[in-house]
Every structure is written in structure tokens, then in C-alpha cells.
1. Kindly state, to the nearest 0.05, the FRET efficiency for Lys34 paired with Thr359, given R0 = 60 Å and r defined as their beta-carbon distance.
2. Report, by chain and number, residues whose modeled amide H sits under 5 Å from the one on Thr318, excluding near sequence neighbours (fewer than 5 apart, same chain).
3. Using a/c under 1.5 as the rounded threshold, could you call the range 497-624 rounded, prolate or oblate? The axes a ≥ b ≥ c are square roots of the C-alpha gyration tensor eigenvalues, and prolate needs a/b larger than b/c, oblate otherwise.
4. What is the pair-distance distribution P(r) of the range 34-129, computed from all Cα-Cα distances in 5 Å bins starting at 0, with each bin given as a whole percent?
5. Rounded to the nearest 0.05, what FRET efficiency do Leu620 and Glu332 give with R0 = 45 Å and r taken as the Cβ-Cβ distance? Could you check?
6. Determine, from the Cβ-Cβ distance of Asp408 and Asp578 and an R0 of 30 Å, the FRET efficiency 1/(1 + (r/R0)^6), rounded to the nearest 0.05.
7. Classify the range 319-472 from the C-alpha gyration tensor, please: rounded if a/c falls under 1.5, else prolate or oblate depending on whether a/b exceeds b/c.
8. Pop out the ³J(HN,Hα) list for the range 276-293 in order, Karplus 6.51 cos²θ - 1.76 cosθ + 1.60 with θ = phi - 60°, rounded to Hz; leave Gly and Pro as x.
Amino acid sequence: MKCLQLVQTPDDLKNLNISLLPVLAAEIRDMIVKTVSQTGGHLASSLGVVELTIALHYVFDTPRDTIIWDVGHQSYAHKILTGRQEQFHTLRQLNGMSGFIRRNESDYDAFSTGHSSTSISAALGMSCAKHLTGRHSKTIAVIGDGSMTAGLAYEGLNQAGDIHKDLIVILNDNDMSISQNVGAISSFLSRKLSHKFPQNIKHGIGEFLKSIPRIGLPVYKFAKRSEDTFKTFITPGMLFEAFNFDYFGPINGHHLKHLIRILKNIRDHEEPVLLHIMTTKGKGYEPAEKNPVYFHGVSSFDVQNGTAQTLSSKKIPTYTSVFGQTLIELAEKDDKIVAVTAAMPEGTGLVKFAERFPTRFFDVGIAEQHGVTFAAGMAAEGLKPVVAIYSTFLQRAYDQIIHDVCLDALPVVFAIDRGGIVGQDGPTHHGQFDLSYLRHLPNMVVMAPKDENELRHMLYTAIQHDGPIALRYPRGKGQGGPTDDPFIPIPIGQPQLLAHGQDILILAIGHTVHEAIIARKQLLEHKIDPTIVNCRFVKPLDPEMLLPLIEKHSNIITIEDNSREGGFGSAILEFLSDHDAPPIKCRRIGLPDQFIPHGSQEQLKNKFGITASHIVACALQMILGK
């Protein structure tokens, strides 16, 4: 019988002989690889922390002791060990298991995650709450080296060290270069110095020295400085010791016995502790070890060789790749153009730009707030920064967009990737709010292209614009149509009339324009002749073109891939009110006032009505009462 069949919960894990844990780790990796090859997901990160996950649940009393997984990319082994083996095949599928940590999915999921660098702050809050309510259990935050590039992580460390709560932070380092010898020495020292006995002796000697009249305190301080100097000289723990954390490591994060031993040693510490472990991203699956960037977030693939499974041979470019190529073309002719991203050069399509213009490309790490203000500084000095960030991550820099960019109307271009429904990554990654949170900002222009060709011209327009401007486009392939040259600037706010009808006015934005065009063909079969407008801009709206069209129709449908609350449809309603439009029926198609779950883009668009068929049904109901 396989070990994994014997382990359905952490209690079962504790009954397993420690010699069998490496076997269990191999079986967990096999399950993760086979499942993700079918469902897609964050493979390399989860493979890298299998031993750590086993050790944590082996040593600590979960869910009484709480583990906070930063981001949640690495949570698959945790899910398998906490009663979800039978559901694991539904990973990231509609109505199935989330690819991230969700409080409503399991009692073992202590804090919902999806964006990086939140674990330390959340864990500290939980630790303080436990102390205030008299609950005596441990709180452990697991954070990756990538997430440690964000300021929020250090804000959490700063407070934790200041108030001396017994928080355990585990730094999962799968990228930092540390020599083997230093790592081995540090591992040895950390395992020895973390034992309770030497810690008690060290504390006792310290108290004794301080009690000696006149000379005791200076001697104690000298001894403490000497210990710290030696410790930080041979380990990379100086930074964390400065935050008043007891630092241990780095140690091999794949050596189960060492992990278990040191976790048992630090379990009873009553001060903040940081354990630094070294892991290999993609551990145990050769293709992922060789290419951890590709296998960080991957679609379905062939397990034997790691190659992607393609459903179609027709190569339609993605909006992301069209953006990246267009920016290169524009930058070839304008040396003031610079590109900024937040740890996502591959995801935002800027890898080739970085290769072509290495001195004009800036990856700020997982620090969106800094990235936006950094871009504002460059704009203030006459450059033309293009900030490429996913919609959901740009939310983190909202204050900086307002005060550092919009207030002084600085010419920063926001290239907002993954606008609208994103897919299997679920509610933390859908870009469902950007039209709402950007359009009411003074000096901001907000636009969205109907296809990849219009994206090119909008990017050109944005770079010529003397002020803040946001260009929002979806995840995935474009419409497959031709692109044309030369670049043509689009007059700010000007919509595009695609078809002139007489029965109903359909106002669409972004890729939903394609759905409106399909709906027109179907409505004509019902003897309904619609007017179709590609609005192109959410802000500003052009009264010269829109008002005459509105006056000719008594029924309007708006459609957007954004929350209806405060979005494009709301902008049209405000437009109607502000211009004293005649009485008119208006229906808004968009995302409801809820967090959208995970599932494929196609499934979710059908589920929430962002489709041509829903436009048709809405029009029939408005005109014919059907």
C-alpha cells in the first residue's frame, strides 16, 4: 500500500514512521505532477516545498497551530495532506478546488491568499489575537524570497520584532546564491543553537552577567556583540537579527530529518524566529527543475517531456505578445520610452524589450507601489514610462496612482494586462475592478481595445498623450485579424461606429465588442436591427458622437468585462443623466457584485453572461418582452 493512502490528515502523518517520509514526498510529487499536467497550475513552486509541508504538519498541531502560506502558489502538498486528496483532481476547475488557499475550503486554510507578501502581517495579527483571547498555539508564516521584495513583508517583520511575539517565519529561498560550505556550516550551527538547552543556558548566562555590579552590563553587551558579529559573519542573518528575530539557517529544505529536528527546536521559542531554508523550485520533476520560470504557472502538458498540449495549430498572437512587440517598435523610434514591471517580465510580454533595451527596462520586484512612483519620477524628468502590470496587482498601487501620477497629471502609461475574467486562478486574479477604480480619477484617461490591431494604435496614442492614461486588455489570444501600419493616433474619447441600425443601441468596450458584432448577426435574424458602437474609451466619453446616437434609440445595452458597479455601464448612465437625455431603457451587462470564482474563461463568461447570446436575450426581452 502506498504511504499516501495511509495519510489523509496530519494526524495520520504523525503516525507514519519518519523513515517513510521521503517515500511519501515522492508520492505527493507524483500526484501533483500528474494532476497539474491535466488542470494546469503553479507546479514548480509546489514541488519545491513538499518536504517543508510534510515537516510542518509532522511537527505542529494543525489546524490548532496555524500555517499561513504566502501567495498560495506552493500550497498543493498542503491540500493533499489536509483531507483533500480525493478532490485534488478538480484543482482550478469550475466548482472544484481552488489553486490558492481559501478559508471557506478547509479549516487548515487559515488565511485566504493570492497576492504576495501578506503572510507575515496576517500571521502576526493572528498571533496577537491568540494571546489576547488566551489561546496557546503557534503561528507560522511561510514566505518565498520573491515575496520578500515587497515592502509589506518588512512592515510585518518590523512590528513583530518590536512587540516580541512568538511568531515563526520560514523564508523559503529557491533563488539566492549561497555557497555550499557556508550553507553547511550555517545548517550545523542553526541545528545546534536552536536546541532549547543551549538557548536556556545562553539566557541564564546573560542574566548572570547583567547582575554583576558595575561591570556586568558592559561585559554582557560586549559578549552579545561578539556573538552577533560571528553569527552574521558566517550566515546571511544580519538583516533579520536587526528586526529582533532569532535567525537560523540557511538549511537544506529537502532534508526531512534536519527540517523536523530544527522545527521541533524552534517550536517552543517565545520570541520571533526566522528559519531560512534553501529549496529547488520544481524539485523532483526534471523539466520543471530545468525551466522553473515556465513551470511556475503552466497550462496542461505532457508528463513525459514537459511539452505543452496545444489544441490548435493556428497561431493567433496573445494581447500580451502584441503589446510587447509594439512597444519595441515604438521604442526603436523614441529613446524616451522606458518600460517598468513588477517581477513579471515574462507575464507582461517585456522579455524581448528587456533584451533589446536593457538600460531602458526596469523590473522593480514585487513592489507595485514603488514601481508606480518610480515611473512618476521618470515622467517628471521627461521620460515616457510604460508601466506593465496585471490588473489585479495594480490595485496594490492605488494610492500612488492617485497622488504620485494623477495629481500632477504626469504622462505615465499604464499597460494593464489580464483585464476582466482571467480564468482558473480565481477571485484574487480576475481583473474585474480596473475600469471602476480608474475612471473616476481626475486627469486619467481609460481605454480598452476591441482587438490586437486596435491595441497597437492605442499604445501609440497613449505614448503621445501628455498625461496619465490606462490601456486595458484581456488575457489570452486576440481575434486573429490583420494588423496595419503606420500607427494612427486615436482622438481621445472618440468612439467608433461599427454598424448603424434603428432598433437598439449596443455600446461595447474592449474585447466584448466582438460579442456585440456576433449578437448583431443573430438579432438581424429576429428582424431586430441594432446599432453597434465600439466605445474604445471609458473616460472620457464623447458627447458629439454619442448623444445623436442615443437620441435615435429608446433602448440601450452596455456590455463590459468588468464589475457593473462603477464600471463602463455606470459611466454611460452618468453620461445620460449629465446630458439630460430623454427617457430611455438601459440594461447593463457585466460582472455581478461578487467575487468571481475560478474556472476557464469560456465557462465564466457563459456563467456571468459576457456573451453574444446574453446580449441577444437581453435585446429580445427589452424590445419584444421575450
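1. Details: r = 44 Å, r/R0 = 0.74.
Computed FRET efficiency for Lys34 and Thr359: 0.85.
2. Correct list: Gly478.
3. Because a/c hits 1.5 or more and a/b fails to exceed b/c, the range 497-624 counts as oblate.
4. Calculated P(r), rounded to whole percents: 2, 13, 24, 28, 19, 9, 3, 1, 0.
5. Values: r = 50 Å, r/R0 = 1.11.
Calculated transfer efficiency: 0.35.
6. Working: r = 27 Å, r/R0 = 0.88.
E(calc), rounded to 0.05, equals 0.70.
7. Numbers: a/c = 1.29, a/b = 1.09, b/c = 1.18.
Rounded, because the longest to shortest axis ratio a/c is under 1.5.
8. Result, ordered by residue: 9, 10, 10, 10, 10, 5, x, 3, x, 10, 3, x, 6, 5, 6, 9, x, 5 Hz.
Every read-out reported here was derived from the displayed coordinates using simple, explicitly stated rules and does not represent laboratory data. Keep in mind it's a predicted model, so treat the numbers as computed, not measured. Because the Cβ atoms are built from the backbone with ideal geometry, glycine has one as well, and the counts that use them run over all protein chains shown.
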